[in-house]
Amino acid sequence: MKIYPHHRPVWSLFLLTLLIVICSVGNKNLYFRGDYKTFFREDNPQRLAFDEMQAAFNKTETVDFLVTPKNQTIFTKRTLQLIRELTQASWNIPYSIRVNSVSNFQHTYSEQDDLIVQNLIPDNEELTRDLIGKIKNIATNEPDLDGLLVSSDMKVAVISVTVAMSDGDQTKEVQEISTYVRDIRQQLLSKYPEHDIYLTGVVMLNEAFLNVAEQDAQTLIPLMFASILILIALLLKSSIASICAFIVVAASVGTTMGIAGWLGYFVSMSTVNVPTMVMTLAVADCIHLASSFFLYYRQGENKNEALSRAIELNTKPIFITSVTTSLGFLTLNFSDVPALVDLGNLTAIGVMLACLFSLTLLPALLALLPLRRGETTKSSFLPYIDILCKWVTNHRTKLLVLTAIIFPVTLATALTNELNDVAIKYFSKSNEFRQAADFQSDHLGGLSSIDFAIRSQDISGINEPATLITIEKFSNWLRKQPEVHHVQSISDTYKKLNKNINYDDESFYTLPFDKELAAQYLLLYEMSLPYGLDINNRIDMDKSASRITVTLDNLGSKQLTGFEDRAHDYFRSLDVDLELSAASPALMFAHIGETNMNSMLKGSVFALLFISLLLIFALKSLRLGLISLIPNLLPASIGFGFWALISGEINMGLSVVLSMTLGIIVDDTVHFLNKYKSAKDQGMSTDAAVQYAYQTVGKALFVTTLVLSVGFGILSFSPFSLNSEMGVLTAIIIVTALVIDLISLPAFLLWLDKEETQTHS
């Protein structure tokens, strides 16, 4: 005699509750982490290049205040006072090591034989009309200010604060810094209400990632719980059963996230979706088992008998579908994005836990709690299923031809999608950071920037005239590119110093012609700079390398990497004995999208092969296993083809959808083929077996598809496009898969078994 959990419901509940509690305690170890580095492995080539750039020069992680007066330029007494106060206050921001603004810009000029270096806006000097005019003239003609710290339209000024945060988890530091800068902004806006102050920079980008993750957790998860509760109640039509199913769903989520906490995971922009996905997939298992139970229970069987039959009927298909779904998510390990790898692993764990609890906890709860038997009624859905079955049977040839046309057409359309990641577009237009970034893009260029480092092999090699000429040539080439808004180069500083030393004679605004002379200029300049405003952000410690920073439009990944390639090509054409490297967060995101897509294509092939082999083994039929490829491939082809028409761009989040959905959509195929094969094994004809499959699982397929599409559709409400677009496309593919499973799959079965069907008829 087989022993099921409902045979010993009290003991089953005790042991399962103990397991759930022990695992769920791990939730206390979870924490949010939102910095952009969670998208990159420590050995990522672009991250390594960026870390090397950060080690050679000052860090480039900043908070940027964008000050803009309403309906006037920045060159007024009130605005310049605001800029001066904000500059001074910014030195007190936690972890700040450098503050750059038009206020403390180190203006140089000659006074007889002396080089004078001082703040462009003196700290305590009265801002007279003459002084303001002088400041304006200098600022709008200074390469290191115009277009970088002062917009070309003179309506925006930037106070850029460089911070030195840790290389690991920066969450605490980001929160501390962002809280402080918002307080500063609020205080100054109260004092200067005729101004607006926007906040951008890498630190605020990290805060935006963190806020979005927390917002999704606070809104989408409760929304999903509410939706699940309503769906379960409508589908099961039993308050007690609904409560039981809801307990299973909650236990699956709580245990999964608890295990995540015990294993040292954190909640990121991607893993915040794990509860929603686990809930969605757990409901499908509960529905299959509960529906079967109520079918037998309402037919007059006692509770234990009905539960035993429901478990016997559903254990194999629920287990197989759980394994295939887990495999789909586990292929996210092919991803180059750690956050997506975590999403795959945790969801896979959650799916298997949902399988366990559906087959153990749910029967135990149903056995213990009182249930009304209800009326035994024929499903109102069955006539529609029969009509669909007859229609497919009568039009099998046309449907096969239509499928044969749709597949290559949609596949060709799907292949027109282009990979294009723009980090700023991850956020909705209603997001505060997105609005600030768009404002910056309109007036000063986008957040996209690239740091180029030109390296010589010698100490003080930067002072070589040939090296300076190369830096100048490369900088001028960069300035001519249509994507470029500003170029910050040390060559401009050398030319300015050469002019200053020569009594500000404009004819000397050229590079120094002698290495020793260049070194002297630089030393004199460095000695005149105040603390915190050195040139280590431009030149490394041994003067062997110089960094050139290029501010660009908010380019897509292909455009950004294309620009990088053009820059390298031009530098190689100079044929000099110098090295060029490039790095920046924007460049990191641009490259990760492409490498991740290539990796996930490999993962998808692996998932398809492994799932097909599993189905061949489970169904004990090579033929049925091969047939299962059709409903697994076609939905993805149609889904991505449709996406090509409405968007045409695939981001980092969408690159994992193919692998992920392969494991999900196969569930319907398994249930249909399992019932079909069972009927064939009983000696039914192909026509009869297809009809049997329709009648036994048709309704369940509609129900589970409804649940899955609602679950992933809820992700579309996320303000973070990586999550929302992933949810939308996944829902499209899941709905498409249902259509394929109920139309194309039966048509193929009828076609492949045509001779056998005729024999039986």
For this session: List every residue pair whose Cβ atoms sit under 6 Å apart, with the two residues 6 or more apart in sequence or on different chains, where the first one lies in region 720-736 and is closer than 21 Å to Gln215 by Cα and the second, anywhere, is among the polar types (S, T, N, Q) and outside any helix (DSSP H, G or I).
Result: Ser724/Ser718
Problem set entry | Verdict on Val351 being under 30 Å from Asn723 (Cβ atoms), out of contact with any strand residue (DSSP E or B) (no Cβ under 6 Å at 6 or more places or on another chain) and free of Cβ contacts under 8 Å to residues at least 24 places away in the same chain | no
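Please give the strands (runs of 3 or more DSSP E) falling wholly within region 48-139 in which 2 or more residues are of a type in the set (A, V, I, L, M) and closer than 17 Å to Val150 by Cβ. Please lay out each step first, then the result.
Details: elements: 62-69, 96-100, 106-111, 114-119.
The qualifying strands (runs of 3 or more DSSP E) are 62-69.
It is to be established whether one or more residues within region 615-632 are of a type in the set (Gly, Ala, Ser) and either under 20 Å from Phe39 (Cα atoms) or under 22 Å from the mean Cα position of the chain (by Cα) (or both). I'd like the intermediate steps shown before the answer.
The first filter runs over region 615-632 and keeps only residues of a type in the set (Gly, Ala, Ser), leaving 618, 621, 625, 628.
The next check asks that each one be either under 20 Å from Phe39 (Cα atoms) or under 22 Å from the mean Cα position of the chain (by Cα) (or both); those that pass are none.
No: zero hits.
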Exercise. Which pairs do you get when a residue that is over 20 Å from Ala590 (Cβ atoms), found in region 400-423, comes within reach of a residue that is surrounded by fewer than 17 Cβ atoms within 10 Å (Cβ to Cβ) and of a type in the set (Gly, Ala, Ser), reach meaning Cβ atoms under 7 angstrom, with the pair 6+ apart or on two chains?
Worked result: Thr416/Gly648
Seminar exercise, completed: Considering region 50-71, residues that are free of Cβ contacts under 8 Å to residues at least 12 places away in the same chain and over 25 Å from the mean Cα position of the chain (by Cα), and then whichever is surrounded by the most Cβ atoms within 10 Å (Cβ to Cβ), we arrive at Ala55
Exercise. Any idea which of Lys473, Lys429, Lys425 is modelled with pLDDT under 90, closer than 29 Å to Gln559 by Cα and surrounded by 15 or more Cβ atoms within 10 Å (Cβ to Cβ)?
Worked result: Lys425
Exercise. Does Thr321 fit the bill of being among the hydroxyl-bearing types (Ser, Thr, Tyr), in a helix (DSSP H, G or I) and at pLDDT 90 or above?
Worked result: no
For this session: Identify, from the list Ala290, Ala282, the residue that is touching a Gly at 6+ places or on another chain (Cβ under 9 Å), of a type outside the set (Val, Ile, Thr) and under 23 Å from Ala226 (Cα atoms).
Result: Ala282
Exercise. Only one of Thr493, Thr403, Thr393, Thr467 is out of contact with any Gly (no Cβ under 7 Å at 6 or more places or on another chain), in the same structural domain as Val576 (by TED's automatic domain parsing) and either small (Gly, Ala, Ser) or surrounded by 15 or more Cβ atoms within 10 Å (Cβ to Cβ) (or both); which?
Worked result: Thr493
Seminar exercise, completed: Exactly one of Thr347, Thr315, Thr331 is over 20 Å from Ile665 (Cβ atoms), assigned to a helix (DSSP H, G or I) and not aliphatic (A, V, I, L, M), and that residue is Thr315
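Among Ser326, Ser322, Ser308, which is the only one that is polar (S, T, N, Q) and in contact with a Phe, Trp or Tyr (Cβ under 7 Å, 6 or more places away or on another chain)?
Numbers: Ser326 fails: in contact with a Phe, Trp or Tyr (Cβ under 7 Å, 6 or more places away or on another chain); Ser322 fails: in contact with a Phe, Trp or Tyr (Cβ under 7 Å, 6 or more places away or on another chain).
Checking each option against the conditions leaves just Ser308.
Could you say whether any residue in region 589-608 is under 21 Å from Pro317 (Cβ atoms) and touching a residue at least 24 places away in the same chain (Cβ under 8 Å)? If you could, list the steps in order and put the result at the bottom.
Narrowing region 589-608 to residues under 21 Å from Pro317 (Cβ atoms): 607-608.
Next, only the ones that are touching a residue at least 24 places away in the same chain (Cβ under 8 Å) stay: 607-608.
Checking region 589-608: at least one residue is under 21 Å from Pro317 (Cβ atoms) and touching a residue at least 24 places away in the same chain (Cβ under 8 Å).
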Exercise. Hey, among the residues in region 491-525 that are assigned to a helix (DSSP H, G or I) and of a type in the set (Phe, Trp, Tyr), which one's nearest to Ile454 (Cα to Cα)?
Worked result: Tyr494
Problem set entry | Unmet requirement for His395, which otherwise passes all of (1) closer than 17 Å to Ala241 by Cβ; (2) over 39 Å from the mean Cα position of the chain (by Cα); (3) modelled with pLDDT of 85 or more | (1)
Exercise. Of all residues in region 476-489 being hydrophobic (A, V, I, L, M, F, W, C) and buried (at least 21 other Cβ atoms within 10 Å of the Cβ), which is nearest to Phe563 (Cα to Cα)?
Worked result: Leu478
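Pick out the one residue from Ile459, Ile454 that is in contact with an Asp or Glu (Cβ under 6 Å, 6 or more places away or on another chain), over 30 Å from Trp643 (Cα atoms), in contact (Cβ under 8 Å) with a residue 60 or more places away in the chain and not in a helix (DSSP H, G or I).
It is Ile459.
Residues to consider are Asp285, Asp216, Asp183; find the one that is without any contact (Cβ under 8 Å) to a residue 12 or more places away in the chain and either part of a helix (DSSP H, G or I) or basic (Lys, Arg) (or both). Full working, then the answer.
Working: Asp285 fails: without any contact (Cβ under 8 Å) to a residue 12 or more places away in the chain; Asp216 fails: without any contact (Cβ under 8 Å) to a residue 12 or more places away in the chain.
Result of the check over Asp285, Asp216, Asp183: Asp183.
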Problem set entry | Residues of region 641-660 that turn out to be buried (at least 24 other Cβ atoms within 10 Å of the Cβ) and either assigned by TED's automatic domain parsing to the domain that holds Asn333 or part of a helix (DSSP H, G or I) (or both), as a count | 7
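The values are calculated or read from the model by the stated rules, or taken from the named source; none is laboratory data. Just so it is clear, the structure is predicted and the values come from calculations on it, not from any experiment. Every residue, glycine as well, gets a Cβ built from its backbone with ideal geometry; the counts of neighbours run over all protein chains shown.
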